[in-house]
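Engineer: One structure follows; several queries about it will come next.
The values are calculated or read from the model by the stated rules, or taken from the named source; none is laboratory data. Bear in mind that the values here come from a model prediction, so they are computed numbers and not experimental data. All Cβ positions, even for glycine, are placed from backbone atoms using ideal geometry, and neighbour counts span all protein chains on display.
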Ligand code: ADP
Ligand code: MG
């Protein structure tokens, strides 16, 4: 098979929910990635950060509660911390897995900033819950700090942040240079650190970018052949979880649009993957998006499993 340029977006199951789980999960993840590198594909990796950024955000908020001199960490800083911590674990285990197979390639993480539009409508309608549950009084204090909170299904209050669309990747030239040199790069972790341009500066935004959309933007800017979204299901389904469920081998852009309108994909889980795949696939003919399970990446790129989206 012709060697492809591939952006792999890793989902939550590739990283686990806490430190020990992540340490174990990245070993398995590294095998799936090494399978593709071994086949000769150029591989760029992005990943989610939901549980990790939640953990960091809670830790920093608790630090501030116990020691008021430590001011709370902005969301953008928490995302940056999560990129560093996850990138470290991933680059370390991918390096080892490659060396075990006799492949010597540098693997590195780029702390990535992603530009968002300050006028993105997501900012006037924050929807993404983050951090721990709070009492009404604590939520009131957060609101006074300018942070939005919502009452979450009777379980208490939680902070919500906006999830704006990624417009541009600040470090794209550095990522491209490493990729073109045959190196393995981890970038746009957790959707990237959301920033807004201000004169010569980049100001961190109180937001989180969806990792599926950021990965599609990364794949588009790198002119990748494939966007591979690795998640917990082998194939995308119509009538998901119902007795009349149908597993899809492929879909065209037009079919995907119709299925979205018919409500087959849950918002917050499968819908962003389909929408991100549609955006990537529509930017040029010949490129494809593949959604499958972590363990099936190698078979998926050979066309043996998973769901392919094409023009
Ligand atoms: P990730 O961490 O990989 O982003 P998500 O939980 O956000 O994972 O999204 C993947 C999940 O989407 C699957 O595990 C599945 O439960 C759910 N899902 C919702 N609708 C569908 C569908 N139509 N077909 C397949 N999976 C679906
Ligand atoms: Mg998800």
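Engineer: Among the listed residues 62, 21, which satisfies the condition of being in a helix (DSSP H, G or I) and over 19 Å from the mean Cα position of the chain (by Cα)?
Structural biologist: Numbers: 21 fails: over 19 Å from the mean Cα position of the chain (by Cα).
That would be 62, the only listed residue that is in a helix (DSSP H, G or I) and over 19 Å from the mean Cα position of the chain (by Cα).
Engineer: Give me the strands (runs of 3 or more DSSP E) completely within the range 182-242, filtered to those with at least 1 residues that are modelled with pLDDT of 95 or more and within 12 Å of ligand 1 (Cβ to nearest atom), ordered by residue number. Steps first, please.
Structural biologist: Values: elements: 184-186, 193-198, 201-204, 226-231.
Output list reads 226-231.
Engineer: Return the total of residues in the range 298-311 being in a loop (DSSP other than H, G, I, E, B), surrounded by fewer than 24 Cβ atoms within 10 Å (Cβ to Cβ) and in contact (Cβ under 8 Å) with a residue 24 or more places away in the chain. Explain how you work it out, then say what you get.
Structural biologist: Our first condition is that a residue be in a loop (DSSP other than H, G, I, E, B); within the range 298-311, this holds for 302-306, 311.
Filter once more, keeping what is surrounded by fewer than 24 Cβ atoms within 10 Å (Cβ to Cβ): 302-305, 311.
Checking the rest, the ones that are also in contact (Cβ under 8 Å) with a residue 24 or more places away in the chain come to 302, 305, 311.
Here the count works out to 3.
Engineer: Taking the condition touching a strand residue (DSSP E or B) at 6+ places or on another chain (Cβ under 6 Å) and either surrounded by fewer than 16 Cβ atoms within 10 Å (Cβ to Cβ) or free of Cβ contacts under 8 Å to residues at least 24 places away in the same chain (or both), does residue 142 pass? Break it down stepwise before answering.
Structural biologist: Working: touching a strand residue (DSSP E or B) at 6+ places or on another chain (Cβ under 6 Å): yes; either surrounded by fewer than 16 Cβ atoms within 10 Å (Cβ to Cβ) or free of Cβ contacts under 8 Å to residues at least 24 places away in the same chain (or both): yes.
For residue 142, the condition - touching a strand residue (DSSP E or B) at 6+ places or on another chain (Cβ under 6 Å) and either surrounded by fewer than 16 Cβ atoms within 10 Å (Cβ to Cβ) or free of Cβ contacts under 8 Å to residues at least 24 places away in the same chain (or both) - is met.
Engineer: Checking the conditions here, which among 277, 282, 267 is within 16 Å of ligand 2 (Cβ to nearest atom), farther than 24 Å from residue 53 by Cα and under 22 Å from the mean Cα position of the chain (by Cα)?
Structural biologist: Working: 282 fails: within 16 Å of ligand 2 (Cβ to nearest atom); 267 fails: farther than 24 Å from residue 53 by Cα.
Exactly one residue qualifies, and that residue is 277.
Engineer: Okay, moving on. Please enumerate the residues belonging to the range 255-297 that are within 13 Å of ligand 1 (Cβ to nearest atom) and not in a helix (DSSP H, G or I).
Structural biologist: Those that are within 13 Å of ligand 1 (Cβ to nearest atom) and not in a helix (DSSP H, G or I): 262, 263, 264, 265, 266, 267, 268, 269, 291, 292, 293.
Engineer: Please go through the range 209-220 and give me each residue that is touching a helix residue (DSSP H, G or I) at 6+ places or on another chain (Cβ under 6 Å) and either within 16 Å of ligand 2 (Cβ to nearest atom) or farther than 21 Å from residue 187 by Cα (or both), ordered by number. Can you show your working first?
Structural biologist: Our first condition is that a residue be touching a helix residue (DSSP H, G or I) at 6+ places or on another chain (Cβ under 6 Å); within the range 209-220, this holds for 209-214, 216, 219-220.
Result: 209, 210, 211, 212, 213, 214, 216.
Engineer: Using the structure shown, decide if residue 44 is buried (at least 21 other Cβ atoms within 10 Å of the Cβ) and either closer than 23 Å to residue 172 by Cβ or within 16 Å of ligand 1 (Cβ to nearest atom) (or both).
Structural biologist: Details: buried (at least 21 other Cβ atoms within 10 Å of the Cβ): yes; either closer than 23 Å to residue 172 by Cβ or within 16 Å of ligand 1 (Cβ to nearest atom) (or both): yes.
Answer is yes for this residue.
Engineer: A further question on this structure: Just the residues that are more than 10 Å from ligand 1 (Cβ to nearest atom), without any contact (Cβ under 8 Å) to a residue 12 or more places away in the chain and in a loop (DSSP other than H, G, I, E, B), please, taken from the range 244-254.
Structural biologist: Correct list: 244 only.
Engineer: Going residue by residue through the range 66-84, is there one that turns out to be within 16 Å of ligand 2 (Cβ to nearest atom), in contact with a helix residue (DSSP H, G or I) (Cβ under 9 Å, 6 or more places away or on another chain) and either at pLDDT 95 or above or not in a helix (DSSP H, G or I) (or both)?
Structural biologist: Within the range 66-84, the first condition is being within 16 Å of ligand 2 (Cβ to nearest atom), and the residues that meet it are 79, 82.
Imposing the further condition that a residue be in contact with a helix residue (DSSP H, G or I) (Cβ under 9 Å, 6 or more places away or on another chain) reduces the set to 79, 82.
Next, only the ones that are either at pLDDT 95 or above or not in a helix (DSSP H, G or I) (or both) stay: 79, 82.
Yes - at least one qualifying residue is present in the range 66-84.
Engineer: Considering only the range 24-59, state which residues are within 30 Å of residue 127 (Cα to Cα), assigned to a helix (DSSP H, G or I) and away from ligand 2 (no atom under 16 Å from the Cβ). Walk me through it before giving the result.
Structural biologist: The first filter runs over the range 24-59 and keeps only residues within 30 Å of residue 127 (Cα to Cα), leaving 25-26, 29, 44-59.
Those left that are additionally assigned to a helix (DSSP H, G or I): 25-26, 29, 50-59.
The answer is 26, 55, 56, 57, 58, 59.
Engineer: Right, next: Return yes or no: is residue 111 closer than 23 Å to residue 63 by Cβ and assigned to a loop (DSSP other than H, G, I, E, B)? Outline the logic, then answer.
Structural biologist: On the way: closer than 23 Å to residue 63 by Cβ: yes; assigned to a loop (DSSP other than H, G, I, E, B): yes.
Judged against the criteria, residue 111 is a match.
Engineer: I'm checking my understanding of the structure. Among residues of the range 221-243 that are without any contact (Cβ under 8 Å) to a residue 60 or more places away in the chain and either more than 15 Å from ligand 2 (Cβ to nearest atom) or within 12 Å of residue 297 (Cα to Cα) (or both), which one is surrounded by the fewest Cβ atoms within 10 Å (Cβ to Cβ)? Before you say what the answer is, go through the steps one by one.
Structural biologist: So the first thing to find is which residues in the range 221-243 are without any contact (Cβ under 8 Å) to a residue 60 or more places away in the chain, and the list is 221, 237-243.
Now drop any that are not either more than 15 Å from ligand 2 (Cβ to nearest atom) or within 12 Å of residue 297 (Cα to Cα) (or both), which leaves 221, 237-239, 241-243.
Values: 221: 17, 237: 18, 238: 16, 239: 11, 241: 7, 242: 9, 243: 5.
In this case the residue turns out to be 243.
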